1. Please tell me if ILE213 is over 30 Å from MET269 (Cα atoms), touching a Leu at 6+ places or on another chain (Cβ under 6 Å) and hydrophobic (A, V, I, L, M, F, W, C).
2. Going by the structure shown, is VAL236 among the hydrophobic types (A, V, I, L, M, F, W, C), buried (at least 16 other Cβ atoms within 10 Å of the Cβ) and closer than 30 Å to VAL149 by Cβ?
3. Step by step: first the residues of segment 63-115, then only those that are among the polar types (S, T, N, Q) and outside any helix (DSSP H, G or I), then the one that is nearest to ASN267 (Cα to Cα). Which residue is that?
4. Got at least one residue in segment 178-187 being under 30 Å from LEU244 (Cα atoms), open to solvent by less than 80 Å² (accessible area, probe 1.4 Å) and in the same structural domain as SER247 (by TED's automatic domain parsing)?
5. THR79 - would you say it is open to solvent by 60 Å² or more (accessible area, probe 1.4 Å) and of a type in the set (S, T, N, Q)?
6. Can you give me the number of residues within segment 191-200 that are open to solvent by less than 60 Å² (accessible area, probe 1.4 Å) and under 13 Å from TYR119 (Cβ atoms)?
7. Of the conditions (1) closer than 20 Å to VAL274 by Cα; (2) in contact (Cβ under 8 Å) with a residue 40 or more places away in the chain; (3) of a type in the set (Lys, Arg), ARG88 clears all except one; give me its number.
Amino acid sequence: MSTTTVEAPVNQQESASGTAPRRVRRRGENSRGAALASHGVLTVASLIALFPVAWLVFLSLGPDKDDYLRPGAIWGKMTLDNYLFVLRDTKFFDWLTSTMIVTLGTTLIGVVISATTGYAVSRMRFPGYRKFMWVLLVTQMFPVAVLMVPMYQILSGLQLVDNYLGLILVYCTTTVPYCAWLMKGYFDTIPFEIDEAGRVDGLSPFGTFARLILPLAKPGLAVAAFYSFLTAFGEVAFASTFMLSDSKYTFAVGLQTFVSQYDAQRNLMAATAVLVAIPAAAFFYFVQRNLVTGLTAGGTKG
């Protein structure tokens, strides 16, 4: 009763004076100053992240190879001639074809193997399954320089040097161990009762995996695909060693053709780098809806 008698006159006074009632801030809601500060920090961070990309695009518009030393002079002579030269007078489309074959092949094979491996370790208990996962992890500890010679000898014996399949298999040795751990952690978050329901309905273990589990694992598959794609897309050491024909160079190796012992055509490198970024950005846009969910869910269980 006392609360009612006190608040009623206050509300009457506010309505009489024409002022709106004071807004009560909810628990966990930031104040206006905190919101402005967080937005300011995020804006600055975004500008810092975008600056290298904008700078690369700006340098690609300079017609001379030494314009990076005098970037201010580019404003008065911007041109698209660098892009036209790369598209017309280099083997850009051969590099594009090779890159797409290698990256998509690595992504497809790597995701299939890592998904089946992760599901088997998550659901089945066979002798040595824990040691098996640790062996996969240990393979990531060896540096590229140590693996280069034995891998070249193996590929040479299988006649897979200067062959797309050979490079795809080499990249899978890098992507599959990490993606298998990732997918195992994601499959652990899917209730085991779904597998039991599939068996009750008469599905085989593979049918349960393909028809019930994989549709629920799309975020994890997206992360594995994105990691496999970027690994194959930007790798240089293996590609430059195992691919001998210049028509089979990937983008990462093709960029090196603009640098010689005595010269570096940095304007053409910048233009090519901008064009190279387009497929990676398109693939990121395709899978970005599931990336955050897959990364967070895959790390909840080991």
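1. Numbers: over 30 Å from MET269 (Cα atoms): yes; touching a Leu at 6+ places or on another chain (Cβ under 6 Å): no; hydrophobic (A, V, I, L, M, F, W, C): yes.
No: the conditions fail for ILE213.
2. Working: among the hydrophobic types (A, V, I, L, M, F, W, C): yes; buried (at least 16 other Cβ atoms within 10 Å of the Cβ): no; closer than 30 Å to VAL149 by Cβ: yes.
So VAL236 fails the test.
3. To start, the set of residues in segment 63-115 that are among the polar types (S, T, N, Q) comprises 79, 82, 90, 97-99, 103, 106-107, 114.
Next, from what is left, pick out any that are outside any helix (DSSP H, G or I): 79, 90.
Values: THR79: 11, THR90: 14 Å.
Here the answer is THR79.
4. The initial filter retains those residues of segment 178-187 that are under 30 Å from LEU244 (Cα atoms), namely 178-179.
With the extra rule that they be open to solvent by less than 80 Å² (accessible area, probe 1.4 Å), the set shrinks to 179.
The next check asks that each one be in the same structural domain as SER247 (by TED's automatic domain parsing); those that pass are 179.
Yes, segment 178-187 contains at least one residue that is under 30 Å from LEU244 (Cα atoms), open to solvent by less than 80 Å² (accessible area, probe 1.4 Å) and in the same structural domain as SER247 (by TED's automatic domain parsing).
5. On the way: open to solvent by 60 Å² or more (accessible area, probe 1.4 Å): no; of a type in the set (S, T, N, Q): yes.
It is false that THR79 is open to solvent by 60 Å² or more (accessible area, probe 1.4 Å) and of a type in the set (S, T, N, Q).
6. Filtering segment 191-200 for residues open to solvent by less than 60 Å² (accessible area, probe 1.4 Å) gives 194-195, 197-198.
Subsequent filtering for residues that are under 13 Å from TYR119 (Cβ atoms) retains 194-195, 198.
Counting residues in segment 191-200 that are open to solvent by less than 60 Å² (accessible area, probe 1.4 Å) and under 13 Å from TYR119 (Cβ atoms) gives 3.
7. Of everything listed in (1) closer than 20 Å to VAL274 by Cα; (2) in contact (Cβ under 8 Å) with a residue 40 or more places away in the chain; (3) of a type in the set (Lys, Arg), ARG88 misses just condition (2).
Yes/no matrix, rows are residues, columns are (1) modelled with pLDDT of 90 or more; (2) open to solvent by 10 Å² or more (accessible area, probe 1.4 Å); (3) farther than 19 Å from PHE283 by Cβ:
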residue	(1), (2), (3)
LEU165	yes, yes, yes
THR189	no, yes, yes
PRO219	no, yes, no
PHE258	no, yes, yes
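The values are calculated or read from the model by the stated rules, or taken from the named source; none is laboratory data. Keep in mind the model is a prediction, meaning the values are calculated, not measured. Every residue, glycine as well, gets a Cβ built from its backbone with ideal geometry; the counts of neighbours run over all protein chains shown. Accessible surface is based on the protein model in full, side chains and every heavy atom, while ligands, DNA and RNA are left aside. Shrake-Rupley method; radii C 1.70, N 1.55, O 1.52, S 1.80 Å.
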